[in-house]
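The values are calculated or read from the model by the stated rules, or taken from the named source; none is laboratory data. As the structure is a computational prediction, the values presented were derived from the model and not from experiment. Glycine gets a Cβ as well: all are built from the backbone with ideal geometry, and neighbour counts include every protein chain shown.
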Amino acid sequence: MSGPRRRSMRRQLMLGILVPVVAIVSINTVSLYRQALRAADTAYDRTLLASAKSIGEQLEVSGAGDQAQLRAAVPYSALEAFEADNRSRIFYRVTGFAGEMVSGFADLPVWRGKVPAKGPYAALVDFYDDRYRDEPVRVAVLLQPVAGVAGQGIATIQVAETLELRRTLAQQILLATLWRQVALVIVIVIVVVWVVQRATQPVRRLSHQLGTRRESDLAAIAAPDAPRELLPLVDATNQVMARLSRLLEHQKRFVRDASHQLRTPLAVLKTQVQSALRGDVPSQQALQEISITVERATQLANQMLALAKVEQVQAQGPLAPVALADAVSQVALDLSPLIAAKGLDFELQAAPLDVLAHDWMLRELTRNLMANAVRETPAGGWLLVFVGIDNGAPVLRVSDSGPGIAPEQAEQLFEPFHTGHPTEGSGLGLAICRSICDALGARLTLRARDPNGLDAQVVFPRRG
(Lines give C-alpha, C1' and ligand atoms only; values in the text may rest on other atoms or scores of the structure.)
Protein backbone atom coordinates (compact mmCIF):
# COMPACT_ATOMS: atom_id res chain seq x y z
CA MET A 1 0.00 0.00 0.00
CA SER A 2 1.28 3.38 -0.89
CA GLY A 3 1.25 5.85 1.97
CA PRO A 4 0.47 9.55 1.79
CA ARG A 5 2.71 11.60 -0.42
CA ARG A 6 5.52 13.04 1.66
CA ARG A 7 6.93 16.50 1.16
CA SER A 8 10.54 16.62 0.07
CA MET A 9 12.86 18.50 2.40
CA ARG A 10 15.01 19.57 -0.56
CA ARG A 11 11.92 20.85 -2.37
CA GLN A 12 10.81 22.77 0.71
CA LEU A 13 14.26 24.30 1.18
CA MET A 14 14.61 25.34 -2.45
CA LEU A 15 11.09 26.73 -2.67
CA GLY A 16 11.45 28.45 0.69
CA ILE A 17 14.60 30.21 -0.54
CA LEU A 18 13.91 30.74 -4.23
CA VAL A 19 10.30 31.98 -4.05
CA PRO A 20 11.13 34.93 -1.75
CA VAL A 21 14.30 35.65 -3.76
CA VAL A 22 12.41 35.66 -7.08
CA ALA A 23 9.68 37.85 -5.55
CA ILE A 24 12.26 40.32 -4.23
CA VAL A 25 14.15 40.35 -7.53
CA SER A 26 10.88 40.92 -9.43
CA ILE A 27 9.94 43.85 -7.19
CA ASN A 28 13.46 45.21 -7.52
CA THR A 29 13.28 44.86 -11.32
CA VAL A 30 10.04 46.87 -11.49
CA SER A 31 11.52 49.48 -9.16
CA LEU A 32 14.72 49.77 -11.21
CA TYR A 33 12.74 50.04 -14.44
CA ARG A 34 10.57 52.82 -13.07
CA GLN A 35 13.59 54.68 -11.71
CA ALA A 36 15.32 54.42 -15.08
CA LEU A 37 12.20 55.71 -16.85
CA ARG A 38 11.96 58.64 -14.47
CA ALA A 39 15.62 59.45 -15.10
CA ALA A 40 15.09 59.25 -18.88
CA ASP A 41 11.96 61.40 -18.68
CA THR A 42 13.85 63.97 -16.62
CA ALA A 43 16.64 64.11 -19.21
CA TYR A 44 14.24 64.51 -22.14
CA ASP A 45 12.15 67.04 -20.22
CA ARG A 46 15.26 69.14 -19.70
CA THR A 47 15.89 69.02 -23.43
CA LEU A 48 12.29 70.11 -24.07
CA LEU A 49 12.80 72.98 -21.62
CA ALA A 50 16.04 73.94 -23.36
CA SER A 51 14.21 74.00 -26.69
CA ALA A 52 11.43 76.19 -25.24
CA LYS A 53 14.02 78.57 -23.79
CA SER A 54 15.79 78.71 -27.16
CA ILE A 55 12.50 79.73 -28.78
CA GLY A 56 11.90 82.27 -26.02
CA GLU A 57 15.22 83.94 -26.69
CA GLN A 58 14.09 84.72 -30.25
CA LEU A 59 10.91 86.54 -29.26
CA GLU A 60 10.58 90.32 -29.93
CA VAL A 61 7.98 93.01 -29.17
CA SER A 62 6.86 95.50 -31.79
CA GLY A 63 4.51 98.42 -31.32
CA ALA A 64 3.62 100.19 -28.12
CA GLY A 65 0.81 100.19 -25.59
CA ASP A 66 -2.28 98.36 -26.76
CA GLN A 67 -0.70 97.97 -30.18
CA ALA A 68 2.23 95.97 -28.85
CA GLN A 69 2.63 92.68 -30.69
CA LEU A 70 4.84 89.67 -30.17
CA ARG A 71 6.94 88.33 -33.03
CA ALA A 72 8.75 84.99 -33.10
CA ALA A 73 11.57 83.91 -35.37
CA VAL A 74 12.16 80.28 -34.43
CA PRO A 75 15.42 78.88 -35.88
CA TYR A 76 15.73 75.25 -36.90
CA SER A 77 18.52 74.78 -34.38
CA ALA A 78 15.96 75.00 -31.58
CA LEU A 79 14.38 71.74 -32.81
CA GLU A 80 17.42 69.98 -34.22
CA ALA A 81 18.33 68.20 -31.00
CA PHE A 82 15.05 66.26 -31.06
CA GLU A 83 14.93 65.40 -34.74
CA ALA A 84 18.50 64.23 -35.14
CA ASP A 85 17.57 60.53 -34.77
CA ASN A 86 14.64 60.86 -37.23
CA ARG A 87 12.34 59.08 -34.75
CA SER A 88 10.83 61.81 -32.56
CA ARG A 89 8.93 64.70 -34.04
CA ILE A 90 8.66 68.15 -32.53
CA PHE A 91 5.72 70.57 -32.58
CA TYR A 92 5.58 73.98 -31.00
CA ARG A 93 3.22 76.85 -30.47
CA VAL A 94 3.90 80.42 -29.32
CA THR A 95 0.97 82.34 -27.85
CA GLY A 96 1.06 86.12 -27.42
CA PHE A 97 0.24 88.36 -24.52
CA ALA A 98 -3.49 88.27 -25.18
CA GLY A 99 -3.61 84.56 -26.06
CA GLU A 100 -3.29 85.13 -29.77
CA MET A 101 -1.46 82.66 -32.03
CA VAL A 102 2.00 83.99 -32.84
CA SER A 103 3.91 81.12 -34.40
CA GLY A 104 4.02 77.34 -34.74
CA PHE A 105 1.26 74.77 -35.12
CA ALA A 106 -2.12 76.39 -34.64
CA ASP A 107 -3.90 73.07 -33.99
CA LEU A 108 -1.66 72.20 -31.05
CA PRO A 109 -4.01 72.16 -28.03
CA VAL A 110 -3.74 75.31 -25.93
CA TRP A 111 -2.33 74.82 -22.42
CA ARG A 112 -4.96 75.24 -19.72
CA GLY A 113 -2.92 74.17 -16.75
CA LYS A 114 -1.10 75.93 -13.94
CA VAL A 115 2.59 76.32 -13.27
CA PRO A 116 3.66 74.34 -10.17
CA ALA A 117 4.38 76.49 -7.13
CA LYS A 118 7.65 74.65 -6.45
CA GLY A 119 8.99 73.19 -9.65
CA PRO A 120 12.34 71.45 -10.11
CA TYR A 121 13.61 74.17 -12.47
CA ALA A 122 14.36 77.87 -12.07
CA ALA A 123 11.72 78.80 -14.63
CA LEU A 124 7.95 79.12 -15.02
CA VAL A 125 7.57 75.72 -16.65
CA ASP A 126 5.06 72.90 -16.59
CA PHE A 127 5.26 69.41 -18.12
CA TYR A 128 2.27 67.29 -19.02
CA ASP A 129 1.14 64.45 -21.29
CA ASP A 130 -1.36 65.07 -24.07
CA ARG A 131 -2.46 63.82 -27.48
CA TYR A 132 -1.82 65.59 -30.77
CA ARG A 133 -2.91 64.28 -34.16
CA ASP A 134 -3.95 61.01 -32.52
CA GLU A 135 -0.51 60.46 -31.05
CA PRO A 136 0.63 60.68 -27.44
CA VAL A 137 3.02 63.57 -26.86
CA ARG A 138 5.02 65.04 -24.01
CA VAL A 139 4.56 68.82 -23.75
CA ALA A 140 6.69 71.45 -22.02
CA VAL A 141 5.05 74.83 -21.35
CA LEU A 142 7.26 77.83 -20.62
CA LEU A 143 5.93 81.21 -19.52
CA GLN A 144 8.56 83.50 -20.97
CA PRO A 145 8.69 87.20 -19.94
CA VAL A 146 9.35 89.37 -23.04
CA ALA A 147 10.35 93.05 -22.82
CA GLY A 148 11.19 95.59 -25.47
CA VAL A 149 11.51 99.37 -25.95
CA ALA A 150 7.86 99.61 -26.93
CA GLY A 151 6.29 97.18 -24.43
CA GLN A 152 6.49 94.01 -22.34
CA GLY A 153 4.46 90.92 -21.35
CA ILE A 154 4.53 87.15 -20.84
CA ALA A 155 4.50 84.78 -23.81
CA THR A 156 3.40 81.15 -23.63
CA ILE A 157 5.71 78.69 -25.39
CA GLN A 158 4.58 75.07 -25.88
CA VAL A 159 6.95 72.42 -27.20
CA ALA A 160 5.51 68.95 -27.80
CA GLU A 161 7.47 65.78 -28.56
CA THR A 162 6.22 62.45 -29.83
CA LEU A 163 7.20 59.43 -27.70
CA GLU A 164 8.90 57.09 -30.21
CA LEU A 165 12.37 57.77 -28.84
CA ARG A 166 11.24 57.55 -25.24
CA ARG A 167 9.49 54.25 -25.91
CA THR A 168 12.54 52.87 -27.64
CA LEU A 169 14.70 53.92 -24.71
CA ALA A 170 12.20 52.44 -22.26
CA GLN A 171 12.34 49.10 -24.10
CA GLN A 172 16.13 49.16 -24.03
CA ILE A 173 16.12 49.94 -20.33
CA LEU A 174 13.60 47.17 -19.69
CA LEU A 175 15.59 44.59 -21.65
CA ALA A 176 18.86 45.65 -20.03
CA THR A 177 17.27 45.41 -16.58
CA LEU A 178 15.55 42.10 -17.28
CA TRP A 179 18.52 40.18 -18.59
CA ARG A 180 20.66 41.30 -15.66
CA GLN A 181 17.99 40.28 -13.17
CA VAL A 182 17.38 36.98 -14.98
CA ALA A 183 21.10 36.30 -14.92
CA LEU A 184 21.12 37.09 -11.20
CA VAL A 185 18.19 34.71 -10.57
CA ILE A 186 19.89 31.92 -12.55
CA VAL A 187 23.07 32.34 -10.52
CA ILE A 188 21.06 32.32 -7.28
CA VAL A 189 19.15 29.18 -8.37
CA ILE A 190 22.39 27.37 -9.21
CA VAL A 191 23.95 28.35 -5.89
CA VAL A 192 20.84 27.41 -3.89
CA VAL A 193 20.47 24.03 -5.61
CA TRP A 194 24.14 23.27 -5.01
CA VAL A 195 24.00 24.34 -1.37
CA VAL A 196 20.77 22.40 -0.69
CA GLN A 197 22.15 19.29 -2.38
CA ARG A 198 25.32 19.54 -0.34
CA ALA A 199 23.45 20.25 2.91
CA THR A 200 21.09 17.26 2.46
CA GLN A 201 23.81 14.87 1.34
CA PRO A 202 24.38 13.50 4.89
CA VAL A 203 20.65 12.73 5.12
CA ARG A 204 20.72 10.78 1.85
CA ARG A 205 23.91 9.01 2.90
CA LEU A 206 22.34 8.06 6.23
CA SER A 207 19.20 6.84 4.48
CA HIS A 208 21.29 4.71 2.14
CA GLN A 209 23.26 3.32 5.07
CA LEU A 210 20.09 2.26 6.86
CA GLY A 211 18.46 0.95 3.69
CA THR A 212 21.34 -1.40 2.89
CA ARG A 213 21.60 -2.87 6.39
CA ARG A 214 20.72 -6.44 7.17
CA GLU A 215 17.49 -6.97 9.06
CA SER A 216 19.35 -8.25 12.12
CA ASP A 217 21.91 -5.42 12.17
CA LEU A 218 20.98 -3.17 15.11
CA ALA A 219 24.39 -1.61 15.63
CA ALA A 220 24.62 2.11 16.36
CA ILE A 221 24.60 4.45 13.36
CA ALA A 222 27.97 5.97 12.56
CA ALA A 223 27.46 9.46 11.13
CA PRO A 224 30.69 11.41 11.71
CA ASP A 225 29.90 13.98 9.04
CA ALA A 226 26.29 14.56 10.08
CA PRO A 227 25.41 18.23 10.65
CA ARG A 228 24.66 19.43 14.16
CA GLU A 229 20.92 19.66 13.44
CA LEU A 230 20.84 15.96 12.52
CA LEU A 231 22.66 14.71 15.64
CA PRO A 232 19.52 14.57 17.86
CA LEU A 233 17.83 12.32 15.27
CA VAL A 234 20.94 10.11 15.04
CA ASP A 235 21.17 9.87 18.84
CA ALA A 236 17.46 9.07 19.18
CA THR A 237 17.75 6.40 16.45
CA ASN A 238 20.76 4.85 18.18
CA GLN A 239 18.80 4.72 21.44
CA VAL A 240 15.94 2.96 19.67
CA MET A 241 18.46 0.57 18.09
CA ALA A 242 19.90 -0.18 21.53
CA ARG A 243 16.45 -0.87 22.99
CA LEU A 244 15.54 -3.11 20.06
CA SER A 245 18.85 -4.93 20.41
CA ARG A 246 18.20 -5.59 24.10
CA LEU A 247 14.66 -6.72 23.35
CA LEU A 248 15.83 -9.02 20.57
CA GLU A 249 18.55 -10.48 22.77
CA HIS A 250 15.99 -10.97 25.53
CA GLN A 251 13.69 -12.83 23.14
CA LYS A 252 16.53 -15.00 21.85
CA ARG A 253 17.56 -15.86 25.40
CA PHE A 254 13.95 -16.62 26.32
CA VAL A 255 13.49 -18.97 23.35
CA ARG A 256 16.83 -20.66 24.07
CA ASP A 257 16.12 -21.09 27.77
CA ALA A 258 12.53 -22.20 27.20
CA SER A 259 13.54 -24.85 24.70
CA HIS A 260 16.24 -26.10 27.04
CA GLN A 261 14.36 -26.02 30.35
CA LEU A 262 11.02 -27.32 29.15
CA ARG A 263 12.62 -30.25 27.36
CA THR A 264 13.52 -31.99 30.65
CA PRO A 265 10.10 -31.95 32.39
CA LEU A 266 8.38 -32.91 29.15
CA ALA A 267 10.76 -35.86 28.72
CA VAL A 268 10.15 -36.89 32.34
CA LEU A 269 6.40 -36.57 31.85
CA LYS A 270 6.56 -38.71 28.71
CA THR A 271 8.52 -41.38 30.55
CA GLN A 272 6.08 -41.37 33.48
CA VAL A 273 3.09 -41.71 31.14
CA GLN A 274 4.71 -44.62 29.27
CA SER A 275 5.59 -46.28 32.58
CA ALA A 276 2.00 -45.89 33.77
CA LEU A 277 0.66 -47.34 30.50
CA ARG A 278 2.92 -50.35 30.83
CA GLY A 279 1.80 -50.88 34.44
CA ASP A 280 5.30 -50.56 35.88
CA VAL A 281 3.94 -48.60 38.87
CA PRO A 282 0.55 -48.47 40.51
CA SER A 283 -1.84 -46.04 38.85
CA GLN A 284 -2.23 -43.89 41.97
CA GLN A 285 1.54 -43.47 42.29
CA ALA A 286 1.88 -42.79 38.57
CA LEU A 287 -0.79 -40.07 38.68
CA GLN A 288 0.86 -38.50 41.71
CA GLU A 289 4.26 -38.42 39.96
CA ILE A 290 2.70 -36.99 36.78
CA SER A 291 0.92 -34.32 38.84
CA ILE A 292 4.19 -33.25 40.48
CA THR A 293 5.93 -33.08 37.09
CA VAL A 294 3.06 -31.05 35.55
CA GLU A 295 3.09 -28.69 38.54
CA ARG A 296 6.83 -28.06 38.18
CA ALA A 297 6.53 -27.57 34.41
CA THR A 298 3.64 -25.15 34.96
CA GLN A 299 5.63 -23.21 37.55
CA LEU A 300 8.61 -23.09 35.21
CA ALA A 301 6.49 -21.87 32.27
CA ASN A 302 4.78 -19.22 34.39
CA GLN A 303 8.07 -17.88 35.70
CA MET A 304 9.63 -17.82 32.24
CA LEU A 305 6.63 -15.88 30.96
CA ALA A 306 6.96 -13.50 33.91
CA LEU A 307 10.65 -12.99 33.12
CA ALA A 308 9.75 -12.16 29.51
CA LYS A 309 6.92 -9.86 30.61
CA VAL A 310 9.25 -7.59 32.59
CA GLU A 311 10.65 -6.08 29.39
CA GLN A 312 7.18 -5.63 27.92
CA VAL A 313 5.79 -3.89 31.00
CA GLN A 314 8.83 -1.62 31.13
CA ALA A 315 8.11 -0.48 27.55
CA GLN A 316 4.48 0.41 28.33
CA GLY A 317 5.29 3.90 29.53
CA PRO A 318 6.83 5.96 32.31
CA LEU A 319 6.71 4.80 35.92
CA ALA A 320 3.93 6.09 38.15
CA PRO A 321 3.51 6.28 41.94
CA VAL A 322 2.21 2.96 43.36
CA ALA A 323 1.27 2.19 46.97
CA LEU A 324 3.92 -0.34 48.01
CA ALA A 325 2.13 -1.41 51.21
CA ASP A 326 -1.10 -2.19 49.32
CA ALA A 327 0.74 -4.34 46.75
CA VAL A 328 2.59 -6.27 49.48
CA SER A 329 -0.59 -6.79 51.53
CA GLN A 330 -2.42 -8.19 48.48
CA VAL A 331 0.41 -10.63 47.72
CA ALA A 332 0.55 -11.73 51.36
CA LEU A 333 -3.19 -12.43 51.20
CA ASP A 334 -2.74 -14.49 48.03
CA LEU A 335 0.04 -16.57 49.66
CA SER A 336 -1.75 -16.99 52.97
CA PRO A 337 -2.77 -20.62 52.20
CA LEU A 338 0.91 -21.58 51.74
CA ILE A 339 1.87 -19.75 54.93
CA ALA A 340 -0.93 -21.47 56.89
CA ALA A 341 -0.07 -24.88 55.45
CA LYS A 342 3.42 -24.69 56.99
CA GLY A 343 2.19 -23.11 60.21
CA LEU A 344 4.52 -20.12 59.94
CA ASP A 345 4.58 -17.27 62.43
CA PHE A 346 3.95 -14.50 59.88
CA GLU A 347 4.22 -10.75 60.57
CA LEU A 348 3.67 -7.83 58.17
CA GLN A 349 5.00 -4.40 59.11
CA ALA A 350 3.86 -2.04 56.35
CA ALA A 351 4.00 1.75 56.47
CA PRO A 352 2.02 3.66 53.82
CA LEU A 353 4.39 4.96 51.14
CA ASP A 354 4.53 5.26 47.36
CA VAL A 355 7.29 4.22 44.98
CA LEU A 356 7.68 4.84 41.24
CA ALA A 357 6.85 1.51 39.59
CA HIS A 358 4.32 -0.54 37.67
CA ASP A 359 1.76 -2.33 39.84
CA TRP A 360 2.41 -5.71 38.18
CA MET A 361 6.16 -5.38 38.76
CA LEU A 362 5.71 -4.70 42.49
CA ARG A 363 3.35 -7.64 42.90
CA GLU A 364 5.61 -10.03 40.96
CA LEU A 365 8.67 -8.87 42.89
CA THR A 366 6.96 -9.36 46.24
CA ARG A 367 5.42 -12.69 45.19
CA ASN A 368 8.76 -14.23 44.22
CA LEU A 369 10.58 -12.99 47.34
CA MET A 370 7.83 -14.23 49.66
CA ALA A 371 7.39 -17.53 47.78
CA ASN A 372 11.12 -18.26 48.12
CA ALA A 373 11.01 -17.34 51.81
CA VAL A 374 7.98 -19.59 52.46
CA ARG A 375 9.65 -22.49 50.63
CA GLU A 376 12.94 -22.13 52.56
CA THR A 377 11.39 -21.59 56.00
CA PRO A 378 10.84 -24.85 57.93
CA ALA A 379 7.38 -25.68 59.30
CA GLY A 380 6.61 -23.71 62.43
CA GLY A 381 9.27 -21.08 61.63
CA TRP A 382 8.77 -17.33 61.40
CA LEU A 383 8.51 -14.95 58.44
CA LEU A 384 8.67 -11.14 58.59
CA VAL A 385 7.83 -8.71 55.76
CA PHE A 386 8.83 -5.06 56.37
CA VAL A 387 7.78 -2.03 54.31
CA GLY A 388 9.12 1.33 55.41
CA ILE A 389 11.90 3.91 55.24
CA ASP A 390 15.52 3.00 55.90
CA ASN A 391 18.24 5.67 55.65
CA GLY A 392 15.79 7.95 53.83
CA ALA A 393 14.91 5.43 51.08
CA PRO A 394 11.82 3.21 50.65
CA VAL A 395 12.63 -0.40 51.56
CA LEU A 396 10.96 -3.81 51.13
CA ARG A 397 12.56 -6.49 53.29
CA VAL A 398 11.56 -10.16 53.52
CA SER A 399 13.22 -11.99 56.44
CA ASP A 400 12.88 -15.74 57.03
CA SER A 401 14.20 -18.32 59.51
CA GLY A 402 15.41 -20.75 56.87
CA PRO A 403 18.91 -22.25 56.46
CA GLY A 404 20.30 -19.10 54.79
CA ILE A 405 23.01 -19.09 52.13
CA ALA A 406 26.77 -18.91 51.92
CA PRO A 407 28.14 -15.42 51.06
CA GLU A 408 29.74 -16.67 47.84
CA GLN A 409 26.39 -18.10 46.71
CA ALA A 410 24.46 -14.79 46.91
CA GLU A 411 25.27 -13.51 43.41
CA GLN A 412 24.90 -16.93 41.76
CA LEU A 413 21.27 -17.14 42.88
CA PHE A 414 20.39 -14.18 40.65
CA GLU A 415 21.44 -16.11 37.55
CA PRO A 416 18.58 -17.77 35.60
CA PHE A 417 17.99 -21.48 36.37
CA HIS A 418 20.44 -21.45 39.27
CA THR A 419 18.90 -22.72 42.49
CA GLY A 420 20.33 -23.76 45.81
CA HIS A 421 18.16 -26.91 45.78
CA PRO A 422 18.62 -29.34 42.91
CA THR A 423 15.13 -30.77 43.34
CA GLU A 424 13.10 -27.67 44.22
CA GLY A 425 12.30 -24.48 42.36
CA SER A 426 13.08 -23.44 38.82
CA GLY A 427 15.89 -21.04 39.58
CA LEU A 428 13.98 -18.14 37.97
CA GLY A 429 12.43 -16.40 40.98
CA LEU A 430 15.41 -14.29 41.98
CA ALA A 431 16.34 -13.72 38.33
CA ILE A 432 12.86 -12.21 37.85
CA CYS A 433 13.35 -10.07 40.96
CA ARG A 434 16.70 -8.80 39.71
CA SER A 435 15.21 -7.90 36.30
CA ILE A 436 12.34 -6.03 37.95
CA CYS A 437 14.71 -4.13 40.24
CA ASP A 438 16.88 -3.16 37.28
CA ALA A 439 13.79 -1.86 35.47
CA LEU A 440 12.72 0.17 38.54
CA GLY A 441 16.19 1.47 39.35
CA ALA A 442 16.10 -0.41 42.69
CA ARG A 443 18.84 -2.47 44.40
CA LEU A 444 18.28 -6.07 45.54
CA THR A 445 20.63 -7.71 48.05
CA LEU A 446 20.67 -11.03 49.90
CA ARG A 447 22.21 -11.14 53.37
CA ALA A 448 22.49 -14.20 55.61
CA ARG A 449 21.30 -13.84 59.21
CA ASP A 450 23.16 -15.16 62.26
CA PRO A 451 22.78 -18.00 63.21
CA ASN A 452 20.31 -18.81 60.41
CA GLY A 453 17.86 -17.16 58.11
CA LEU A 454 18.05 -14.77 55.16
CA ASP A 455 17.19 -11.11 54.53
CA ALA A 456 16.12 -10.25 50.96
CA GLN A 457 16.08 -6.44 50.79
CA VAL A 458 14.96 -4.14 47.99
CA VAL A 459 15.97 -0.46 48.26
CA PHE A 460 13.91 1.77 45.95
CA PRO A 461 15.11 5.14 44.62
CA ARG A 462 14.33 8.18 46.74
CA ARG A 463 11.53 10.38 45.40
CA GLY A 464 12.24 14.09 45.05
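The condition of being over 17 Å from Leu48 (Cβ atoms), surrounded by 12 or more Cβ atoms within 10 Å (Cβ to Cβ), without any contact (Cβ under 8 Å) to a residue 40 or more places away in the chain and aliphatic (A, V, I, L, M) holds for only one of Ala106, Ala176, Ala183, Ala117, that being Ala176. Evaluation of Ala379 against the conditions (1) at pLDDT 90 or above; (2) farther than 15 Å from Ala456 by Cα; (3) surrounded by 19 or more Cβ atoms within 10 Å (Cβ to Cβ) shows that the sole unmet condition is (3).
Within the bounds of region 201-211, is there any residue that is free of Cβ contacts under 8 Å to residues at least 24 places away in the same chain, exposed (fewer than 12 other Cβ atoms within 10 Å of the Cβ) and small (Gly, Ala, Ser)? Yes, region 201-211 contains a residue that is free of Cβ contacts under 8 Å to residues at least 24 places away in the same chain, exposed (fewer than 12 other Cβ atoms within 10 Å of the Cβ) and small (Gly, Ala, Ser).
Among the candidates Arg167, Arg138, the residue that is surrounded by 15 or more Cβ atoms within 10 Å (Cβ to Cβ), under 60 Å from the mean Cα position of the chain (by Cα) and assigned by TED's automatic domain parsing to the domain that holds Ala73 is uniquely Arg138. Just to be sure before I move on: is Gln299 within 18 Å of Cys437 (Cβ to Cβ) and modelled with pLDDT under 80 in the structure I sent? Considered against the rule, which asks whether it is within 18 Å of Cys437 (Cβ to Cβ) and modelled with pLDDT under 80, Gln299 comes out as no.
Residues in region 439-464 that are modelled with pLDDT under 85 and among the small types (Gly, Ala, Ser) were compared, and the one that is nearest to Met361 (Cα to Cα) is Ala439. Of the residues making up region 319-365, those that are surrounded by fewer than 18 Cβ atoms within 10 Å (Cβ to Cβ), among the acidic types (Asp, Glu) and farther than 17 Å from Pro394 by Cβ are Asp334, Asp345, Glu347. Whether a residue is touching a Lys or Arg at 6+ places or on another chain (Cβ under 9 Å) and modelled with pLDDT of 85 or more was assessed, and Thr168 does not pass this test.
Can we say Val273 is modelled with pLDDT under 70 and either among the β-branched types (Val, Ile, Thr) or farther than 28 Å from Asp438 by Cβ (or both)? No; evaluated as a whole, the condition is false for this residue. Out of the residues in region 212-244 that are surrounded by 12 or more Cβ atoms within 10 Å (Cβ to Cβ) and polar (S, T, N, Q), state the one that is nearest to Val21 (Cα to Cα). Here the answer is Thr237. Among residues of region 59-96 being part of a loop (DSSP other than H, G, I, E, B) and modelled with pLDDT of 80 or more, the one that is surrounded by the most Cβ atoms within 10 Å (Cβ to Cβ) is Gly96. Inspect all residues belonging to region 366-374 and state whether any of them is modelled with pLDDT of 75 or more, hydroxyl-bearing (Ser, Thr, Tyr), part of a loop (DSSP other than H, G, I, E, B) and surrounded by 17 or more Cβ atoms within 10 Å (Cβ to Cβ). There is no residue in region 366-374 that is modelled with pLDDT of 75 or more, hydroxyl-bearing (Ser, Thr, Tyr), part of a loop (DSSP other than H, G, I, E, B) and surrounded by 17 or more Cβ atoms within 10 Å (Cβ to Cβ). Scan region 276-283 and give yes if some residue there is at pLDDT 75 or above, hydrophobic (A, V, I, L, M, F, W, C), surrounded by 11 or more Cβ atoms within 10 Å (Cβ to Cβ) and farther than 21 Å from Asn372 by Cβ, otherwise no. Scanning region 276-283 turns up at least one residue that is at pLDDT 75 or above, hydrophobic (A, V, I, L, M, F, W, C), surrounded by 11 or more Cβ atoms within 10 Å (Cβ to Cβ) and farther than 21 Å from Asn372 by Cβ.
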